[in-house]
Amino acid sequence: MKKAMKIFSNLITAVLFINLILMAFLVVSSKASGGEPQAFGYQLKTVLSGSMEPTFKTGSIIAVKPVDSKERETLKKGDVITFQASEDKLVTHRIIAVKTSENNVMYETKGDNNKTADMDPVLSSNVKAVYSGFTIPYIGYFIDFAQSKEGSALLLIGPGLLLLGYAGFSITQALRELDPKQKKDDPEGKTA
C-alpha cells in the first residue's frame, strides 16, 4: 500500500511540474512572438470561426508552417493556407484553384464549411503559412485566455502554487510517518 501511495505521489508531482513547465512555455512563447505561440518552427493558430468545419472545429489550435517567397508560388489545389486577408486579419482556408496572371500567382480559396468561394483571390505574396496537419480541438480558447494579462498571471502563478501546496502536503505526510516511529523507539515518550 505504501509503495502504491509513493508511486501515486510521484506521479502527481510529475504531472504538476510538467503542467507548470508547459504553462510557462505557452505564456512566454505567446508573449515573445507577440501573438500565437511557436514550437519547433511551427506557429500555433487559434481557429476563431466555423468556416473550416469539420476539418477544424471552432476553438481548436492548428499548427502552420511559415512559407518563404519560393514556396508561396508552388502551392497547389487542396492545400490549406493561412493568408493575410486584411491588415489585421489572418484567414485559413483551402485552395480550390490556382491562377497565374503575368508574373503573379493567385489562389482561389474557400472555407470547407462555406457554400461559396472567397470573394477575392489571394496573391501568393499574402500567403503566410501552410497547414501542417496537426490540430488539437478546443485548446484555442485556452491559448486566447493565456494571452490576456489575467490569464498569463493565473497560468504562471496557479500551477506554481499547486506545486508548492502539494510539496507542503507531502512534507506533512512524511513528518506524520516519522512521528509514530519515534514513539515506538521511546515508549515513555522521552527523548535523549
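The values are calculated or read from the model by the stated rules, or taken from the named source; none is laboratory data. A quick note: this is a predicted structure, and the numbers were derived from the prediction, not measured. Positions of Cβ are generated from backbone atoms using ideal geometry, with glycine treated the same way; all protein chains shown enter the neighbour counts. The area values use the complete protein model at the heavy-atom level, side chains included, leaving out ligands, DNA and RNA. Shrake-Rupley method; radii C 1.70, N 1.55, O 1.52, S 1.80 Å.
A few remarks follow.
- Candidates Leu175, Leu155, Leu161, filtered to the one that is assigned by the TED database to the domain that holds Leu22 and either open to solvent by 70 Å² or more (accessible area, probe 1.4 Å) or over 22 Å from Gly59 (Cα atoms) (or both): Leu161
- Set side by side, the residues Met5, Met23 differ, and just one is open to solvent by 60 Å² or more (accessible area, probe 1.4 Å), part of a helix (DSSP H, G or I) and at pLDDT below 80, which is Met5.
- Test for Lys110: is it over 30 Å from Arg72 (Cα atoms) and either open to solvent by less than 60 Å² (accessible area, probe 1.4 Å) or at pLDDT below 75 (or both): no
- Scanning the stretch 44-61 for residues that are buried (at least 21 other Cβ atoms within 10 Å of the Cβ) and of a type outside the set (Val, Ile, Thr) turns up Leu44, Lys45, Met52, Phe56.
- Unique residue being assigned to a strand (DSSP E or B) and over 17 Å from Ser60 (Cα atoms) when the list is Met106, Met119: Met106
- Candidates Val98, Val64: the one that is touching a Ser or Thr at 6+ places or on another chain (Cβ under 7 Å) and either open to solvent by less than 40 Å² (accessible area, probe 1.4 Å) or outside any loop (DSSP other than H, G, I, E, B) (or both) is Val64.
- In summary, Val91 fulfils each of the numbered conditions (1) open to solvent by less than 30 Å² (accessible area, probe 1.4 Å); (2) not in a strand (DSSP E or B) with the single exception of condition (2).
- Taking first residues from the stretch 106-121 that are more than 16 Å from Val80 (Cβ to Cβ) and partners that are small (Gly, Ala, Ser) and not in a strand (DSSP E or B), no Cβ contact under 6 Å between residues at least 6 apart in sequence or on separate chains turns up.
- Check on Leu75, touching a residue at least 24 places away in the same chain (Cβ under 8 Å), touching a Ser or Thr at 6+ places or on another chain (Cβ under 8 Å) and surrounded by 14 or more Cβ atoms within 10 Å (Cβ to Cβ): yes
- Leading residue by the ranking (modelled with the lowest pLDDT) among those in the stretch 33-92 that are among the polar types (S, T, N, Q) and farther than 21 Å from Ile139 by Cβ: Ser69
- Among the conditions (1) at pLDDT 85 or above; (2) over 23 Å from Phe25 (Cβ atoms); (3) open to solvent by less than 70 Å² (accessible area, probe 1.4 Å), the only one that Thr116 does not satisfy is (3).
- In the stretch 122-160, the qualifying residues are those that are of a type in the set (S, T, N, Q) and part of a strand (DSSP E or B), and the one that is farthest from Leu75 (Cα to Cα) is Thr135.
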